[in-house]
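I have placed the structure first, in the form of structure tokens, so that the comments after it can refer back to it.
The values are calculated or read from the model by the stated rules, or taken from the named source; none is laboratory data. These figures come from a predicted structure and were not determined experimentally. Ideal geometry is used to build each Cβ from the backbone, glycine not excepted, and the neighbour counts take in all protein chains shown.
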Amino acid sequence: MPYFNEHLRSKLPKSGTNIFTSMSQLSNKHNAVNLSQGFPDFDVDPILIKTVQKYFDKSYHQYAPMHGVYKLREQISKKTEKLYSNYYHEEHEINITSGATQAIYTAISALIREDDEVILFTPAFDCYQPAIELNGGKPVFVQLKAPDFSINWEEVKKLITHRTKMIIINSPNNPTGKILSAEDLKELQKITSDSNILILSDEVYEHLVFDNEKHNSVCKLPELANRSIVVFSFGKTFHVTGWKLGYVLAPKNIMREIRKVHQFSIFSSNHPLQMALAEYIENEENYLKLNDFYQQKRDLFLSIIEASRFEPLNCQGTYFQLLKYNKICDLNDLAMAKELIIKNGIASIPISVFYHANLDQKILRFCFAKTMETLKRAGEILIKI
């Protein structure tokens with residue numbers, strides 16, 4: 001096999017195989033119940049599958065428009081205006097992407113330059129920091145701690161400098177399940193009101209909010225929305241993560257820059273799937289019912305493990321439940337996660353990997369986007385530990 005002898009200087013020297021891949025591989029090796037990676041194990045709505053098949057049969061097999069299928073952008077515009085009372089122009093302010101991660105990377109690539117500072121809150125999903133660093137930016141971390149993972153906005157204000165270009169928020173939050181309140185967004189608006197700081201708002205779990213709480217989108221605040229890039233995911237919403245389809249909303253002048261990068265990276269996304277989703281989301285019940293659907297799964301999981309020694313933290317949204325295990329053992333969370341797979345047959349994700357400083361708080365993340373049978377099997381294991 002050919003081998004390149006010259007030294008390659010890595011642009012991401014600290015990165016390797018991510019935790020989701022490694023834990024799933026270990027889980028498969030030991031035939032464990034896999035509650036680690038965030039993918040559902042139940043069937044997709046048959047109506048959506050039939051709709052997709054219809055558009056495959058209609059031969060939508062060539063490139064979709066670069067901005068995305070117009071009918072889908074039109075439906076997104078209507079949906080956003082109805083939910084968040086803010087109109088986004090379907091032609092100039094909405095772009096379909098190949099998943100939320102691509103949307104986030106593309107937005108950062110388009111807007112972050114060498115030595116720009118980007119404030120982000122940890123624990124955070126793992127795609128933010130590499131995207132910043134690959135584009136020459138400097139991540140500035142705000143560390144949030146259990147049990148409530150609340151934000152001290154005065155602390156954030158002190159971190160803002162003349163180099164601060166962007167603040168990244170994620171609500172509902174992966175991995176914590178925390179949602180930002182309306183007051184949080186007002187505070188964010190307040191501390192950035194006299195600046196040109198951009199907001200990148202990752203809202204992929206917008207339809208997974210529990211206990212009669214509401215999702216507070218930056219789209220609701222016009223002043224904030226005017227300098228925000230807002231990212232959503234069809235994969236997360238309709239449990240079709242393998243389809244890799246999402247979308248991004250932004251004001252026209254910001255979207256113009258995002259599209260410049262988008263056209264040279266992805267260009268366009270899956271055509272028949274876009275056509276199907278455009279038809280499917282015409283019925284708002286297809287996404288409005290999801291809060292209750294996932295809350296039932298969360299509540300089932302919590303009821304099953306109630307007799308265990310794990311301590312559940314408050315989960316306001318997403319399909320992840322944090323469990324604290326400090327009453328069980330003193331292992332660090334990565335060691336505990338591996339032991340649970342190898343010795344007990346259940347896979348989770350250690351929370352420390354979501355922190356830049358690998359903060360160990362003896363907490364694991366479990367995905368409850370699973371069938372009743374899977375959750376019961378998982379619960380039976382956890383109550384014996």
Among helices (runs of 4 or more DSSP H) entirely within the range 276-344, at least 3 residues that are under 30 Å from Glu74 (Cα atoms) and of a type outside the set (D, E, K, R) occur in 285-288, 290-304
Looking only at the range 183-234, and only at residues there that are more than 21 Å from Ile108 (Cα to Cα) and touching a Ser or Thr at 6+ places or on another chain (Cβ under 6 Å), the one that is surrounded by the fewest Cβ atoms within 10 Å (Cβ to Cβ): His207
Yes/no for Cys315 being closer than 21 Å to Ile349 by Cβ, surrounded by fewer than 16 Cβ atoms within 10 Å (Cβ to Cβ) and not assigned by TED's automatic domain parsing to the domain that holds Thr176: no
Please specify each residue of the range 234-288 satisfying the condition of being of a type in the set (S, T, N, Q) and within 14 Å of Thr80 (Cα to Cα). Asn283
Quick check on the range 260-270: of everything there that is at pLDDT 95 or above, in a helix (DSSP H, G or I) and touching a helix residue (DSSP H, G or I) at 6+ places or on another chain (Cβ under 8 Å), which residue is surrounded by the fewest Cβ atoms within 10 Å (Cβ to Cβ)? Lys260
Return yes or no: is Phe354 touching a Leu at 6+ places or on another chain (Cβ under 6 Å), in contact (Cβ under 8 Å) with a residue 60 or more places away in the chain and outside the structural domain of Phe234 (by TED's automatic domain parsing)? no
Assess whether Lys50 counts as being without any contact (Cβ under 8 Å) to a residue 12 or more places away in the chain and not acidic (Asp, Glu). yes
Tell me, which helices (runs of 4 or more DSSP H) wholly within the range 1-94 include 2 or more residues that are over 30 Å from Met372 (Cα atoms) and in contact with a helix residue (DSSP H, G or I) (Cβ under 6 Å, 6 or more places away or on another chain)? 46-57, 70-84
Apart from one, (1) surrounded by fewer than 18 Cβ atoms within 10 Å (Cβ to Cβ); (2) touching a residue at least 24 places away in the same chain (Cβ under 8 Å) all hold for Asn253; the odd one out is (2)
Restricted to the range 336-375, and to residues that are of a type in the set (Lys, Arg) and over 17 Å from Asn31 (Cβ atoms), which residue is surrounded by the most Cβ atoms within 10 Å (Cβ to Cβ)? Arg365
